[in-house]
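The block underneath contains the structure these notes are about, expressed in structure tokens.
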Amino acid sequence: MSATVASTIVVKIGSSSVTTDGAINTEAVDKVAREVVALCDDGHRVAIVTSGAIAAGLPLLGHERPLTGKNDALLRAASAVGQPTVMRAFESALIDHGRRAGQILLAPTDFMLRRRYLKSRGTLDALLDLGVVPVINENDAIADDEIRFGDNDRLGALVAHLIDADLLVLLTDTEGLFTADPRTNSDASLIEEIVAIDEQLEAAAGGPGSDSATGGMASKLAAAKIATWSGVETVIAHAQRADVLNDSLEAKSGVKDAQAGSVGTRFLPRPSKLPARKLWIAFALPAKGRITVDAGARNALTEGGRSLLPAGVTSVHGSFAPDDAVEVIDTDGVVFAKGQVGWSSADLVEHAGKRTSDIPESLADEVIHRDALVVLPD
Ligand code: GLU
């Protein structure tokens, strides 16, 4: 056992590291497998989240990247063909180093539906207890166009939450997050430690949801946000860096030798951990509408930890049904919370601003129950 206590680690590796021109990069896969097994042999629990199914599958079907339209049936077919290839590569590399691999393909509903969430967690825990390395990807072949993780960075973060990981390592083809695009700006320097992900940082990474000039950093930042909100320290590091996993873990545990140099960009976890349901509402459910609330309601939600009642609602935007996610905005138009509604937009339009005693009994007391409401940071 190394100097660090036993930890649970999720290692995510992207398509650009797993494949080169559509062929599996066996050297890269072997390096990750070797480092993962070394951690397992030190008593840690490690799961791999890998991309590369579509990238590896397309050339096998006679197609080249890039293709647009992620939900295209051809891409789903490519993932079905490429996934076994990716899996074979990881299985063979892990076996070479002395561990078995277990394939898990996840869909968003596995996080949304409690029964499936618990089943997924149970299977992952069983594999980890057995010393098997779970190798996880999105179930791209049957991914629903409407809801999908979209990128494996986010999947990695949700898995980290699912298995109560201590550390998420996002391996990529850059050293981490830079102050500017290092490919075009020679003054760009690596940001080694991030305490809070703010708008300035998101702008530097290319803005939320965009594939940025700094090399897909926006989706990594979004994943780091989910993970750190789950209480999981996150590192973005170069897949080819020697001992990247061990050094990430040692940096987290504070035992890393300062002379060893930076491992990448470390995101420190938030002290309080969002429960799984709130994490899902905040980061995975698409918002179907917006509800504007008055200052009193804003205060009750942000300071008092209360539920949203119809009396505080001043206007309703969009069309939604009970259980849909909506954003909650104040009278200045600032989004400050997100929640899963108990009411339809039609009912809310009819009864907005009314006292609870004037509401028909068929409707829930709360428009958004506090257990289904997440207040976003300023
Ligand atoms: N799940 C996709 C694949 O394996 C990759 C998603 C991503 O680009 O992160 O091909």
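Points worth noting:
- Meets criteria (within 17 Å of the chain's Cα centre (by Cα) and away from the ligand (no atom under 12 Å from the Cβ)) for Ala160: yes
- Scanning the range 220-231 for residues that are surrounded by 23 or more Cβ atoms within 10 Å (Cβ to Cβ) and over 15 Å from Ala165 (Cα atoms) yields a count of 2.
- Qualifying residue in the range 133-144 (condition: away from the ligand (no atom under 16 Å from the Cβ), more than 27 Å from Thr26 (Cβ to Cβ) and either touching a Phe, Trp or Tyr at 6+ places or on another chain (Cβ under 6 Å) or at pLDDT 90 or above (or both)): no
- When the criteria are applied in full, Ala77 meets the requirement of being away from the ligand (no atom under 11 Å from the Cβ), surrounded by fewer than 22 Cβ atoms within 10 Å (Cβ to Cβ) and in a helix (DSSP H, G or I).
- Boolean, Val49 is within 10 Å of the ligand (Cβ to nearest atom), buried (at least 16 other Cβ atoms within 10 Å of the Cβ) and assigned to a strand (DSSP E or B): yes
- Within the range 216-234, residues that are more than 12 Å from Ala205 (Cα to Cα) sit with their Cβ atoms under 6 Å from residues that are within 16 Å of the ligand (Cβ to nearest atom) and acidic (Asp, Glu), at 6+ positions apart or across chains, in these pairs: Ala223/Asp153.
- Restricting Val293, Val313, Val263 to those that are in contact with a Ser or Thr (Cβ under 6 Å, 6 or more places away or on another chain) and not polar (S, T, N, Q) reduces the list to Val263.
- Those residues of the range 309-339 which are crowded, with 21+ Cβ neighbours inside 10 Å and within 28 Å of the chain's Cα centre (by Cα), in sequence order: Phe320, Ala325, Val326, Val328, Ala337, Lys338, Gly339
- Qualifying residues in the range 89-106 (those that are in contact (Cβ under 8 Å) with a residue 40 or more places away in the chain and assigned to a helix (DSSP H, G or I)) - the one nearest to the chain's Cα centre (by Cα): Phe90
- Subset tally (residues that are more than 22 Å from Leu274 (Cβ to Cβ), assigned to a helix (DSSP H, G or I) and charged (D, E, K, R)) for the range 298-355: 2
- Within the range 275-308, the set of residues being out of contact with any Lys or Arg (no Cβ under 9 Å at 6 or more places or on another chain), modelled with pLDDT of 95 or more and buried (at least 20 other Cβ atoms within 10 Å of the Cβ) comprises Ile291, Thr292, Val293, Arg298.
- Number of positions in the range 351-364 that are closer than 15 Å to Val293 by Cα and surrounded by 12 or more Cβ atoms within 10 Å (Cβ to Cβ): 4
- Matching residues in the range 121-141 - criterion: being crowded, with 16+ Cβ neighbours inside 10 Å and more than 24 Å from Thr85 (Cβ to Cβ): Arg121, Asp125, Leu128
- Any hit, the range 109-123, residues being within 16 Å of the ligand (Cβ to nearest atom) and modelled with pLDDT of 90 or more: no
- Among the residues making up the range 75-112, those that are under 13 Å from Ala56 (Cα atoms) and among the aliphatic types (A, V, I, L, M) are Leu75, Ala77, Ala78, Ala80, Val81, Val86, Met87, Ala89.
- Within the range 26-46, if we keep just the residues that are hydrophobic (A, V, I, L, M, F, W, C) and over 24 Å from Asp140 (Cβ atoms), the residue that is surrounded by the fewest Cβ atoms within 10 Å (Cβ to Cβ) turns out to be Ala38.
The values are calculated or read from the model by the stated rules, or taken from the named source; none is laboratory data. Quick caveat: nothing in here was measured; it's all calculated off a predicted structure. All Cβ positions, glycine included, derive from the backbone under ideal geometry; neighbour counts span all protein chains shown.
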